[in-house]
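As structure tokens, the structure follows; a few thoughts come after it.
The values are calculated or read from the model by the stated rules, or taken from the named source; none is laboratory data. Keep in mind that what you see is a predicted model, and the values were worked out from it rather than measured. Note that each Cβ is placed from the backbone with ideal geometry, even for glycine, and that neighbours are counted across all protein chains shown.
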Ligand SMILES: [Zn+2]
Ligand SMILES: [Zn+2]
């Protein structure tokens, strides 16, 4: 069994920290805990463990609560009064906590400051002097003795990991938090620093002496440091870095993201049909762009977040399709971007191109994924009957400005809900008729199924090019000419 724990800036469970890579969204959850701060800890204590009324009466009447053999004196005024300080000393609080809850101005801070307060009190009242070294501090259970140990563990774990910011999450047993809060709010100086924040302060103060270039932040850290105050286990979570760009896809044989092999479902060792790669297609835009970057940043893996995607056999030209590349667990976080661009273009030569890269943040992922924009296309198709050129051009041009009704195409019906979408053909540009082949350029609303607009998907798209020409149309190829972002 474990101690019940109050979470503060942490998503670990009392059974131990999560081993696996954080899922998307976990960071947000964690930020929530972190910014909720101490208030959330109090709320948890109250809602989960509210003392009943009779318990509360017993608490005040009985006066039978002891710490280090001394009954609590409920009539004692709180710190920073001399009586309050004396009371804290009698309870056996450590120097660190005495400084934290004493509310006195001291020359030093931390344990040294507490020692000053203790010596002052002893000088004022020799009675107090007979309370020697405390056994176990009722406020922190001597947690502050572990600061040095934790600091050296943190320093050791982050060496070799490039970083400039850190955020701490501390995990303490709930009953300790609860007891500390009771004593501090009754006897501590008003506004005293709660245990967790004081503990984090102490760690950070010592750590900045060791690592000169680090700053401590409350959100978007490079490194998230999770400390379990019970086991003293330290876990380092290297936060991902994000790069924004737009890609041009010059090949008709590459999927946007990695596709696991259909035969073996992408298992590690692969199978015969995928030649041991585990992949259905040897290349993907994700890896052509992502792999050189992953290697340069000494990272574990990538995720690819595109602003939509084109079919494998569709090229994407013009200024390209916006995307965010997420680089997971990078040991390097700073790199010359022009150099990365050259490395990507050398690796993806003739297949994929990028013009630039910019550092961005996680929020950009959702923005890119949710964004919808009009697109211009060139599409070439074969007609089942040779068309009269003038009539064909006029019929196709007449589609400009019309609103299509598109039932979910058959080819995607296994993964898209069946419904009818209304999409506008914004404009029809050039129409070229060459025998039984026709090439058109057109601009459509986001989400238009272009191939279906041409061949009609057996009448599921109305109107359609096939419909107005009154013949069958077979798509030869399709290019995205521009994404109007
Ligand atoms: Zn203490
Ligand atoms: Zn396979």
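Per-residue answers, yes or no, for (1) crowded, with 17+ Cβ neighbours inside 10 Å; (2) assigned by TED's automatic domain parsing to the domain that holds residue 437; (3) under 22 Å from residue 237 (Cβ atoms):
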position: 267; (1), (2), (3): no, no, no
position: 275; (1), (2), (3): no, no, no
position: 294; (1), (2), (3): yes, no, yes
position: 299; (1), (2), (3): yes, no, yes
position: 302; (1), (2), (3): yes, no, yes
position: 317; (1), (2), (3): yes, no, no
position: 322; (1), (2), (3): yes, no, no
position: 328; (1), (2), (3): yes, no, yes
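Can you name every residue in region 361-399 that is assigned to a loop (DSSP other than H, G, I, E, B) and closer than 16 Å to residue 434 by Cβ? Don't jump to the end; show me each part of the working.
Pass one, region 361-399, residues assigned to a loop (DSSP other than H, G, I, E, B): 361-362, 371-374, 384-388, 398-399.
Result: 384, 385, 386, 387, 388.
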> Which ones in region 427-465 are within 23 Å of residue 411 (Cβ to Cβ) and out of contact with any strand residue (DSSP E or B) (no Cβ under 8 Å at 6 or more places or on another chain)?
Replying inline: 458, 459
>> When the residues of region 85-103 are narrowed to those that are in a loop (DSSP other than H, G, I, E, B) and either surrounded by fewer than 22 Cβ atoms within 10 Å (Cβ to Cβ) or modelled with pLDDT under 90 (or both), which ends up farthest from ligand 2 (Cβ to nearest atom)?
In response: 103
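It is to be established whether one or more residues within region 250-263 are within 16 Å of ligand 2 (Cβ to nearest atom), touching a helix residue (DSSP H, G or I) at 6+ places or on another chain (Cβ under 6 Å) and closer than 22 Å to residue 310 by Cα.
Taking region 250-263 and keeping what is within 16 Å of ligand 2 (Cβ to nearest atom), we get 255, 258-263.
The next check asks that each one be touching a helix residue (DSSP H, G or I) at 6+ places or on another chain (Cβ under 6 Å); those that pass are 258.
Filter again for closer than 22 Å to residue 310 by Cα, leaving 258.
There is at least one residue in region 250-263 that is within 16 Å of ligand 2 (Cβ to nearest atom), touching a helix residue (DSSP H, G or I) at 6+ places or on another chain (Cβ under 6 Å) and closer than 22 Å to residue 310 by Cα.
Name the residue, out of 200, 154, that is at pLDDT 90 or above, closer than 30 Å to residue 327 by Cβ and away from ligand 1 (no atom under 16 Å from the Cβ). Spell out how you get there, then give the answer.
On the way: 200 fails: away from ligand 1 (no atom under 16 Å from the Cβ).
Residue meeting the stated conditions: 154.
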